[in-house]
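Chemist: Have a look at this one before I ask anything.
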Amino acid sequence: MITEFEITLAQPADAQDIAELSRDAIERGLSWRWTERRVRRSIRDEATNVVVARRQGVLLGFAIMQYGDDDAHISLFAVQASQRRSGLGSALLAWLEATAGVAGIRTIRLEARAGNVAAKSFYGRHGFTEFGTSPGYYEDVEDAVRMVKRLGPEP
Ligand SMILES: CC(C)(COP(=O)(O)OP(=O)(O)OC[C@H]1O[C@@H](n2cnc3c(N)ncnc32)[C@H](O)[C@@H]1OP(=O)(O)O)[C@@H](O)C(=O)NCCC(=O)NCCS
């Protein structure tokens, strides 16, 4: 069951919580690259959406998506472990897709760790397909699978 939460663009004050969730949920076993400083830069970047889901001010999940001219790239995406499997990730992704659609984006791409069964299942459930792998993408610790979703009809 989904209990109430709100999805908004992140504020600079969210950067630390986002960076810590990235370190714990996404960058496990790797160097901590998405530090507070880097997240703060992304929040300020006009070609990037940093989106947060909160309940009573507490960060439940976030996503970072970078925009190109025709396509967008999801760089980071995580939901707090205690909040998973209740539709929160789906709500964040729906927000990103709706916003990308309005911006005229045709394709969303992302990478996930090859061994990340949850992420592959989650994105697969939402219409993303695997189109390749990048060996050693994660600091030579793990390969990446590349996934893509077309938002509109073929040109
Ligand atoms: C991947 C992630 C964002 C999904 O968020 P979530 O809020 O749990 O997702 P939802 O509740 O909206 O799940 C929607 C559907 O995705 C699939 N799914 C989600 N988690 C899954 C899992 N652990 N195993 C299998 N399928 C899963 C299911 O089909 C699910 O529907 P269901 O619960 O009705 O079966 C979350 O597991 C997470 O933060 N993982 C750690 C960080 C990460 O891997 N990020 C992605 C790569 S950067």
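The values are calculated or read from the model by the stated rules, or taken from the named source; none is laboratory data. Please read these numbers as outputs of a predicted model, since none were measured by experiment. Glycine gets a Cβ as well: all are built from the backbone with ideal geometry, and neighbour counts include every protein chain shown. To get the accessible areas, we keep the full protein, side chains included, count just its heavy atoms, and leave off ligands, DNA and RNA. Shrake-Rupley method; radii C 1.70, N 1.55, O 1.52, S 1.80 Å.
Chemist: Does residue 104 fit the bill of being in contact with a Lys or Arg (Cβ under 6 Å, 6 or more places away or on another chain), in a loop (DSSP other than H, G, I, E, B), away from the ligand (no atom under 12 Å from the Cβ) and not hydroxyl-bearing (Ser, Thr, Tyr)?
Modeler: Considered against the rule, which asks whether it is in contact with a Lys or Arg (Cβ under 6 Å, 6 or more places away or on another chain), in a loop (DSSP other than H, G, I, E, B), away from the ligand (no atom under 12 Å from the Cβ) and not hydroxyl-bearing (Ser, Thr, Tyr), residue 104 comes out as no.
Chemist: Among the residues of the stretch 30-42, are any within 11 Å of the chain's Cα centre (by Cα) and in contact (Cβ under 8 Å) with a residue 24 or more places away in the chain? Break it down stepwise before answering.
Modeler: Let us first name the residues in the stretch 30-42 that are within 11 Å of the chain's Cα centre (by Cα), namely none.
Checked against the condition, which is being within 11 Å of the chain's Cα centre (by Cα) and in contact (Cβ under 8 Å) with a residue 24 or more places away in the chain, the stretch 30-42 yields no hits at all.
Chemist: Follow-up. Only one of 40, 85 is at pLDDT 95 or above and more than 14 Å from the ligand (Cβ to nearest atom). Can you tell me which?
Modeler: After applying the criteria, what remains is 40.
Chemist: When only residues in the stretch 133-155 that are without any contact (Cβ under 8 Å) to a residue 24 or more places away in the chain and open to solvent by 30 Å² or more (accessible area, probe 1.4 Å) count, which is nearest to residue 94 (Cα to Cα)?
Modeler: Checked the stretch 133-155; the qualifying residue nearest to residue 94 (Cα to Cα) is 153.
Chemist: Please go through the stretch 114-127 and give me each residue that is near the ligand (Cβ under 7 Å from one of its atoms) and touching a strand residue (DSSP E or B) at 6+ places or on another chain (Cβ under 6 Å), ordered by number.
Modeler: 119
Chemist: Another question, if that's okay. Since residue 70 meets every condition but one in (1) more than 16 Å from the ligand (Cβ to nearest atom); (2) acidic (Asp, Glu); (3) surrounded by 14 or more Cβ atoms within 10 Å (Cβ to Cβ), which condition does it not meet?
Modeler: So the condition that residue 70 fails would be (3).
Chemist: Checking residue 77 against (1) within 23 Å of residue 149 (Cα to Cα); (2) in contact with a Leu (Cβ under 9 Å, 6 or more places away or on another chain); (3) within 13 Å of the ligand (Cβ to nearest atom); (4) outside any strand (DSSP E or B): exactly one of these is not met. Which one?
Modeler: (4)
Chemist: Something else about it: Would you pick out the residues in the stretch 82-97 that are without any contact (Cβ under 8 Å) to a residue 60 or more places away in the chain, open to solvent by 60 Å² or more (accessible area, probe 1.4 Å) and in a helix (DSSP H, G or I)? Don't jump to the end; show me each part of the working.
Modeler: Taking the stretch 82-97 first, the residues without any contact (Cβ under 8 Å) to a residue 60 or more places away in the chain are 82-85, 89-90, 93-94, 96-97.
Subsequent filtering for residues that are open to solvent by 60 Å² or more (accessible area, probe 1.4 Å) retains 82, 84-85.
Answer for the stretch 82-97, where residues must be without any contact (Cβ under 8 Å) to a residue 60 or more places away in the chain, open to solvent by 60 Å² or more (accessible area, probe 1.4 Å) and in a helix (DSSP H, G or I): just 82.
Chemist: When the stretch 3-38 is examined, which residues are found to be open to solvent by less than 40 Å² (accessible area, probe 1.4 Å) and in contact with a helix residue (DSSP H, G or I) (Cβ under 8 Å, 6 or more places away or on another chain)?
Modeler: 10, 14, 15, 18, 19, 22, 25, 34 - these are the residues of the stretch 3-38 that are open to solvent by less than 40 Å² (accessible area, probe 1.4 Å) and in contact with a helix residue (DSSP H, G or I) (Cβ under 8 Å, 6 or more places away or on another chain).
Chemist: Please give the number of the condition residue 36 fails out of (1) within 23 Å of residue 113 (Cβ to Cβ); (2) charged (D, E, K, R); (3) in contact with a strand residue (DSSP E or B) (Cβ under 7 Å, 6 or more places away or on another chain).
Modeler: Here residue 36 clears every test but (3).
Chemist: Which condition from (1) loosely packed, with under 15 Cβ neighbours inside 10 Å; (2) farther than 26 Å from residue 150 by Cα; (3) in contact with a strand residue (DSSP E or B) (Cβ under 6 Å, 6 or more places away or on another chain) is the one that residue 41 breaks?
Modeler: Just one mismatch for residue 41, condition (3).
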